[in-house]
1. With each run of n ≥ 4 DSSP H residues scored as -39500 (n - 2.57), what mean residue ellipticity at 222 nm is computed for the chain after dividing by its residue count and rounding to the nearest 500 deg cm²/dmol?
2. Quick one: length gained pulling residue 48 to residue 402 fully straight, 0.36 nm per residue minus the C-alpha distance?
3. In nm, to one decimal, how far is the residue 109 label point from the residue 495 one, both placed 7 Å along Cα→Cβ?
4. By what distance, in whole Å, do the Cα atoms of the range 290-338 stretch along each of the three principal axes, largest value first?
5. Using the Kirkwood radius built from alpha carbon pairs, what does the Stokes-Einstein equation give as D for the range 53-153 at 10 °C and 1.306 mPa s, in µm² per second?
6. Based on the alpha-carbon gyration tensor of the range 361-432 and its eigenvalue square roots a ≥ b ≥ c, which shape applies: rounded if a/c is under 1.5, prolate if not and a/b is larger than b/c, or oblate?
7. Check every DSSP H run in the chain and write down those whose alpha carbon atoms cover 30 angstrom or more along the long axis and whose mean Kyte-Doolittle hydropathy is 0.0 or greater.
8. Which whole number in µm²/s is D for the range 446-495 by Stokes-Einstein, with the Kirkwood Rh taken over Cα pairs at 10 °C and 1.306 mPa s?
Amino acid sequence: MDRQIRRLGLGLLFLFLLLLGQVNYVQFIAAEEIADNPANAYRQLVAEYVVDRGDMLAKDGTTVLAMSKRSPGAFVFERRYPHGPLYAGITGYYSLYYGRTELEQTFDDYLSGDAAELLPTTFADLVLGRPKQGASIVTTIDPLVQQVATDQIADLPEGGAVAAIDPESGDIIALASNPTFDPNRLATLDPKAVREAWDELNADPENPLLSRANDELYPPGSTFKIVTASAALENGFGPDSLWPNPHELDLPLTTHGLSNFGSKTCPGGSRISLAYALQISCNVVFGGIGLELGADKMAAQAHAYGFAPDAASGDVDADIPFQEGVFPDPASFVQREPALAFSAIGQQDVAANPLQLALVAGAIANDGILMRPRLVTEVRDPQGRVVRAFPPEEATRPIDERSAARLTDMMVSVVEDGTGWRAAVPGTTVAGKTGTAQHRKGAKPHAWFVAFAPAENPEVAVAVLVLDGGSLGDDATGGELAAPIAKAVIEAGLET
């Protein structure tokens, strides 16, 4: 009898071990192969869409950027974006057919309820037989500033973009792009409608699925002079240092020269100060500064601000995809000194987008410290409890505190007495820099403006891009087109 019991026990133990082995094989060894099996694709989709995916909330904790709503049929929940295109470049889309982008992708583990921090809630949902619930994320976006930024660029004939941040924390408070798209069209559960929307958006030559605020790159023009000025200050040249001011800058290795905007001579005499050259945005002076400093020092300064040696080598950690600005490796300027002069004024080999330049302005405003761009501050479980927080993080220190203070004073003079006067805000000291960038032969110039305010205790830094001359065509300048947009965004930022 004992022998039979032992045999039965051994048999049951063998079966248990066999079952355990099979479970482990399915869950760990063969999991990827099973998941990739086309026969399981529909089942996986159904499993995703029976989850009550978490909300995305604005900075105020109440404005909903993305949510899930019940839907009849096998796909129980449908993703919705209550404000349509307003936050598309931030939320991205969650599509049954075309996957996830932006915050929907980056924070998918939390939104879908799969993160380890949500295990107790997920287990409770399973035990109680209710739909699995995802966590909500609270973003840094300020609804007022986002709306103002979007409205300001909505009617630009060739489009544009705005990025606004809090310099002290790195919080992105607005990220607006024109053109943009309505993520609801890609989130619908109607297969015919979503495929039509996808084909239309991808056929559009303006690429509305890419945000011009952070996904694409453009020559920054004279806004880059604040980087060149930083390099001069960090290498011993003060605001009062004097620089040659010829009608045209003679360039080495070529018979061509570098001219000022409109081929005019900058006022002030044969030698002018660094501060005055920034105030009037004098090309020949800043081209000369680039040649004087050399490629190593110019590249080191640009890279410290987050510009990468090439478009594929950026390393700034952001909550959504971010195409960092580009300033080439010093070796690329060997026997190409004229290119260095043009790069020093934001042309030739330099590229950026509004988020990159907002970070540069933010670093100057923040005593020389560049903060990591932050778009999400916390994750809340379905009961509203904070299960994870994301504190501000320092990324780099591109310039020291003294250089930042000097450069701030120089940028204030740009707004008070120079090319950026249209960005002046009554009762507030604004520091800024204009930019007008040539980008393609025969094309109208891009207009730029970067700024922060109040200069004494900065609360908001902003970068504005108006593409292809806006409504002014060849006569476009950053001071005339982009500065008034920056002013409106700064005013909104200071209201909240």
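1. -10500 deg cm²/dmol, from helical runs alone.
2. Gain in length upon complete extension: 122.1 nm.
3. Roughly 3.9 nm, to one decimal.
4. Principal extents (largest minus smallest coordinate, Cα): 38, 16, 12 Å.
5. 109 µm²/s
6. It is oblate, given that a/c is not under 1.5 and a/b is not larger than b/c.
7. Details: long enough: 2-24 (32 Å, 0.86).
Membrane-span-like by this criterion, though nothing is claimed about a membrane: 2-24.
8. Calculated translational D: 143 µm²/s.
Bear in mind that the values in this text are calculations on the coordinates, not laboratory data. Note that the coordinates shown come from a computational prediction; the quantities given were computed from them, not determined experimentally. In this analysis, Cβ positions are derived from the backbone assuming ideal geometry, glycine residues included, and neighbour counts consider all displayed protein chains.
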